[in-house]
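Encoded as structure tokens, the structure appears first; notes follow it.
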Amino acid sequence: MNARAGLKAAVPVVAAMALLAACSQSDHTEIATFTDEHGRACTAAVVVDSEDGDREVQSLDCDYPPEGREPGPSGYSDLP
């Protein structure tokens, strides 16, 4: 592989890394837990845009608690 071909292959990788770095500096992810209207315990990964405060749910998982158990309290926390 010549130097020019290596440079062409590296440009998209460097661009992707710069884009990811820019996103990670302005956005952060938090975890939200809540009980929905059907009584299911839900956990959501929420991406918060630090520039304008917009929130976007990236992952949502809901399930009924085991019989005889109640869901815990609703909460919101940063990912560790």
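One table, with the values for the structure above:
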{"item": "Segment 24-50, residues that are at pLDDT below 85 and loosely packed, with under 11 Cβ neighbours inside 10 Å", "result": "SER24, GLN25, SER50"}
{"item": "Matching residues, segment 48-80, being within 13 Å of THR33 (Cβ to Cβ), among the polar types (S, T, N, Q) and within 18 Å of the chain's Cα centre (by Cα)", "result": "SER59, SER77"}
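The values are calculated or read from the model by the stated rules, or taken from the named source; none is laboratory data. Just so it is clear, the structure is predicted and the values come from calculations on it, not from any experiment. Counting neighbours? That spans all protein chains shown, and the Cβs are built from the backbone with ideal geometry, glycine included.
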